[in-house]
1. In the stretch 223-293, what percent of the accessible surface is made up of carbon and sulfur (1.4 Å probe, ligands and nucleic acids excluded)?
2. Using only the alpha carbons, work out the radius of gyration and Dmax of the chain in angstrom.
3. Would you work out if the stretch 7-131 is rounded, prolate or oblate? Take a ≥ b ≥ c from the square roots of the eigenvalues of the alpha-carbon gyration tensor; rounded if a/c is under 1.5, else prolate when a/b is larger than b/c, oblate otherwise.
4. Which one, Pro273, Pro180, Pro356, has the greatest fluctuation when you compute a Gaussian network model over the chain with C-alpha springs under 10 angstrom?
5. If you line up the long axis of helix 286-295 against the longest principal axis of the chain, both from Cα atoms, how many degrees apart are they, to the nearest 10?
6. Can you give me the angle between helix 326-337 and the longest principal axis of the chain, using Cα atoms only, in degrees from 0 to 90, rounded to the nearest 10?
7. Under a 10 Å cutoff between Cα atoms, tell me which one of Leu40, Leu164, Leu341 has the largest fluctuation in the Gaussian network model of the chain.
8. Could you pull the accessible area for Arg292 with a 1.4 Å probe, rounded to 10 Å²?
Amino acid sequence: MSFRGFLDDLEGSGLMNHVRDPVSPVEEVTERSWGSGPILFDDVSGHKCCLNILGTRDLLARALGIPAEDMVRHLSQIGCQGPVREVDWSSFMENVSQPDLSRLPIMTYFPGDGGPYITSGVVVSRFEDKINACVHRLMVLGKDRLAARLVPGRHTHQLYEAALAKGKEVAVAVAIGVDPLVLMAASTRVPPEMEFCYAAALRGSHVELIALDNGVLVPHAQIVLEGYITTERAPEGPFVDITGTRDLVRQEPVIRLTRMMMCNEPIYHGLLPAGGEHKMLMGVPYEPLIYREVSKVAKVKDVMLTEGGCCYFHAVVQIEKETEEDARRAIDAAIKAHRSLKHVLVVDSDIDIHDPRDLEYALATRMRGDEDIVLYPNVRGSTLDPRSNEGMTTKVGVDATARLDRLWKFQRLTPAGHG
Ligand SMILES: C=C(C)CCOP(=O)(O)O
Ligand SMILES: [Mn+2]
């Protein structure tokens, strides 16, 4: 389904909210769209903008065409082998101009942000015939320059380092307003260069790519910015990221834009930092990765990154334990699958992982602090964790499963749910 096709689907299903009066891109879009569900603004600096279109599990599942409850298992079984083909036309070619970001309704989301931020752009990079597609936050520095937060160790940063070592630039393109499944694929940790093949697998059909002058291949989009990741760096931030707290200001690479392209009457896709869509796209794609890794060592039933854990730091893994060691193995597997994970809770299949009270019940009745907690001191977690030291932290795994040698002690006789 295309970007506009998905918006039409939301409209046709009565799920799209509308704001017809003019709204400022500076903080007002945040005020009007926070918690609103899918929303279409008719006039943000004279442009149509949409936000929250993938803000819930149901919306993400809708884009995938499956029930929300099947999403993790469905995604855990999908490989990265979908078909990709190059085409020579896309509607974003209808309007080609010199770059001028002031002509776009790029939002400044929160007071104190370092500037307006592009937050939904799929950043496609290419250096020496290696490519990557990922969503990076991009802070506007001027009409044709952006500062890109590139996390060391991630694929785009690897291309950037390779180019830097040779004093070269990385060809890049930013695609805004793309097929929701392309956006989801670009938000998923897949093997190098496999994002568009994975997107095609998610779609169950071809992903079409269009070659730009700088050699980068981009998907269909409402807006495409073409340019280069330069060797120049600039302060990036502050930015309110997935925790709803401000991330640090760092010296980050500068993207110099060379061309701006957009379809007639483009709809700009805004992505609310720390909003539901941010959590669905940045966190949920790790659930199938955890599910797949845990399935190698235990009988996994479900996995969820909890809302309270920003859909990023805390995983609940539900297993059917066959040996006492299964829970510890599941903890190790989850931590291996999602490098930014901080805490893992393993529970039995009679615990409702979507009910925080049931999770607490498992902690209260099936965990002992001196036997069931495993620590992973001084390991790389998330740079977004305010409690970490630029990502370095201690991770914790908790086994809150019933003991197999005395299951009768843990059997719940009361009706499901908490009376
Ligand atoms: C959005 C960002 C900055 C990605 C954070 O990456 P991590 O430090 O690996 O969790
Ligand atoms: Mn990648």
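The values are calculated or read from the model by the stated rules, or taken from the named source; none is laboratory data. The structure displayed is predicted, hence computed values, not measured ones. Ideal geometry is used to build each Cβ from the backbone, glycine not excepted, and the neighbour counts take in all protein chains shown. When the accessible area is computed, the model is the full protein with side chains, heavy atoms only, and any ligands, DNA or RNA have been set aside. Shrake-Rupley method; radii C 1.70, N 1.55, O 1.52, S 1.80 Å.
1. On the way: 1070 of 1990 Å².
Of the solvent-accessible surface of the stretch 223-293, carbon and sulfur hold 54 percent.
2. Spelled out, the Cα radius of gyration and Dmax of the chain are 22.0, 72 Å.
3. Values: a/c = 1.76, a/b = 1.16, b/c = 1.52.
It comes out oblate by the Cα gyration axes.
4. For the chain, modelled as a Gaussian network with Cα springs under 10 Å, the answer is Pro356.
5. On a 0 to 90 degree scale, this one is about 40.
6. With rounding to tens, the tilt is 10 degrees.
7. So, out of Leu40, Leu164, Leu341, the one fluctuating most is Leu164.
8. Answer for Arg292: close to 90 Å² accessible.
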